[in-house]
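Here is the structure we will look at, set down as structure tokens.
Laboratory data are not the source of any read-out in this text; all were calculated from the coordinates shown. All of these numbers come straight from a predicted model, not from anything done at the bench. So basically every Cβ, Gly included, is an ideal-geometry build from the backbone, and we count neighbours across all protein chains shown.
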Amino acid sequence: KDEHLVEEIMNSKIKEKCISFSKMSISETIPIIGACESYIGNDTGWGHISAALNLNSLFLFCDSPSEAYGTWRNNIKIIVPEGKTICYHNTRGKDKISFTEVLTKSLELIN
């Protein structure tokens, strides 16, 4: 249901710096992900592929178990909703992720 967001990004002024995975198979994305240094994003399959490829990874947990899915590799750092120390299913925390924390931990990750 996010295809309109992909189209918006791919038609924006940053489109030359973007690659859409929306029409690619997972095997087509592996070399692209593997060429990266870091992953910053939600707890998704792409994040777990990135972590498995040994990228420094920052996972944003909004509604899935951070202790189960964010601790299986040493290269994963996690962010959970403000006021939480861990995240569970049905936390519904997407509006409680701190922009400042994401920015700070992102800069630490890429430096």
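Pairs of Lys residues in the chain, spaced 8 or more positions apart or belonging to different chains, with C-alpha separations under 20 angstrom: 11 in total.
Considering only alpha-carbon pairs that sit under 8 angstrom and 6 or more positions apart, the relative contact order computed for the chain is 19 percent. Each other residue within a Cβ distance under 15 Å of Phe21 adds +1 if Lys or Arg and -1 if Asp or Glu, for a net charge of -1. In the stretch 31-88, Cα pairs under 8 Å separated by at least six residues give a relative contact order of 30 percent. Would you please name the GluC sites (Glu not before Pro) within the stretch 1-104 that are DSSP coil residues with at most 14 other C-beta atoms within 10 Å of their C-beta? For GluC sites (Glu not before Pro) across the stretch 1-104 that sit outside H, G, I, E and B with at most 14 neighbouring Cβ atoms in 10 Å, the list reads Glu37, Glu82. Normalised by the number of residues in the stretch 55-107, the mean separation of alpha-carbon contacts (under 8 Å, six or more apart) gives a relative contact order of 39 percent.
Shown here for the stretch 3-64: trypsin sites (Lys or Arg not before Pro) in loop regions (DSSP other than H, G, I, E, B) with at most 11 other Cβ atoms within 10 Å, namely Lys13, Lys23. Can you give the log10 of the normalised intensity I(q)/I(0) at q = 0.14, 0.22 Å⁻¹, computed with Debye over equal Cα scatterers of the chain? With no solvent term, the Cα-only Debye profile gives -0.63, -1.32.
In deg cm²/dmol and to the nearest 500, what is the mean residue ellipticity at 222 nm of the chain if only DSSP H runs of at least 4 residues count, each as -39500 (n - 2.57), divided by the residue total?
After summing the helix terms and dividing by the residues of the chain, the value is -10000 deg cm²/dmol.
Between exposed chymotrypsin sites (Phe, Trp or Tyr not before Pro) in the chain, where DSSP calls loop and at most 14 other Cβ atoms lie within 10 Å, what's the longest gap? Answer from the scan: 22-71. Remark: the stretch 80-95, residue by residue, has Karplus-estimated 3J(HN,Hα) of 10, x, 3, x, 10, 9, 9, 10, 10, 4, 6, 5, 6, x, 4, 8 Hz, where x stands for each Gly or Pro and the curve is 6.51 cos²θ - 1.76 cosθ + 1.60 at θ = phi - 60°.
Residues whose amide H falls under 5 Å from that of Leu58, counting only those 5 or more places apart or on a different chain, are Tyr39, Ile40, Gly41, Lys77, with hydrogens built in the peptide plane.
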